Amino acid sequence: MKTRICVVAIIEKDGKFLMGNKAMDIGPYPNTWRLPGGGVEEGESFEDAVRREVKEETGLEVTNVEKVSIQEDDEPDKHGEMTHYTFHIFRVEASGSEKPTDEFPELRWIDKLKLKEVPLARPSREYFKQIGLL
């Protein structure tokens, strides 16, 4: 099984979290809402990866990066190969106006009280359970 190291950004505003949904049936974690993030590139720091991924997926600029958790999960990648993911989760502040991108054609601010009603990617769901929101 291959391994992939990823970063995830928690962007919260007014009791809502910014989450994205990839195009239909695109994996890993197809057809679910997830926190912005993605793979760390070779030679890239975690903080630089968070800034890059959030910009690529949401158009926002990241400031004040704080690591808050680590999650692990096994899931087939976009090619169907079983992969062990390690997610380094960061709480960040972001500025600018979010906009849909190729990575996340749909973005939504999801109220923390409505997280139970949304089909969340397993790692996002586990993080929200860890902090007591699910």
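None of the figures in this text is laboratory data; all of them are computed from the coordinates on show. Predicted model, so just to flag it, every value in this text is computed and none were measured. As a convention, Cβ positions derive from the backbone with ideal geometry for all residues, glycine included, and neighbour counts pool all protein chains shown.
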**OP:** For A94, enumerate residues with amide H under 5 Å from its amide H, sequence gap 5+ or separate chain, H modeled in the peptide plane.
**Re:** T63
Original post:
Where does the charge balance sit around N31 when Lys and Arg score +1, Asp and Glu -1, over other residues with C-beta under 11 Å from its C-beta?
Top reply: +1
Original post:
Using a simple spin-label model with points 7 Å from Cα along the Cα→Cβ vector, what separation in nm is obtained for R52 and H84?
Top reply: 2.4 nm
Original post:
So what are the ³J(HN,Hα) numbers for the stretch 11-26, from phi and the Karplus equation (6.51, -1.76, 1.60; θ = phi - 60°), rounded to whole Hz, Gly and Pro as x?
Top reply: 10, 10, 8, 6, x, 10, 10, 7, 9, x, 10, 6, 4, 3, 6, 9
Original post:
What does the helix-only formula give at 222 nm for the chain: each DSSP H stretch with n ≥ 4 adding -39500 (n - 2.57), the total divided by the residues, and the result rounded to the nearest 500 deg cm²/dmol?
Top reply: -5000 deg cm²/dmol
Subject >> ³J(HN,Hα), Karplus 6.51/-1.76/1.60, whole Hz, each residue of the stretch 87-103, x for Gly, Pro >> reply: 9, 8, 9, 10, 8, 9, 9, 9, 10, x, 10, 5, 8, x, 9, 4, 5
**OP:** Search the structure for amide H atoms under 5 Å from the amide H of Y29, placed 1.01 Å from N in the peptide plane, and list their residues when 5 or more places away or on another chain.
**Re:** none
Original post:
How far apart, in nm, are the 7 Å Cα→Cβ label points at D14 and N31?
Top reply: 3.2 nm
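Please state the charge dipole magnitude for the chain, taken about the Cα centre, from unit charges on C-beta atoms (+1 on K and R, -1 on D and E), reported in debye and rounded to the nearest 20.
Values: 20 positive and 27 negative charges, 114 e Å.
Charge dipole, the chain, about its Cα centre: 540 debye, nearest 20.
Throw me the Rg/Rh for the chain, computed over C-alpha atoms with Kirkwood Rh, two decimals. Display every interim value, and only then the final one.
Working: Rg = 13.7 Å, Rh = 14.8 Å.
The Rg/Rh ratio comes out at 0.93.
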Subject >> Signed unit charges on C-beta, dipole axis of the chain, positive-most listed residue P36, L115, V54 >> reply: L115
Original post:
Which cross-chain or sequence-distant (5 or more) residues have an amide H under 5 Å from the amide H of Y85, H modelled 1.01 Å from N in plane?
Top reply: R4, D73, D74, E75
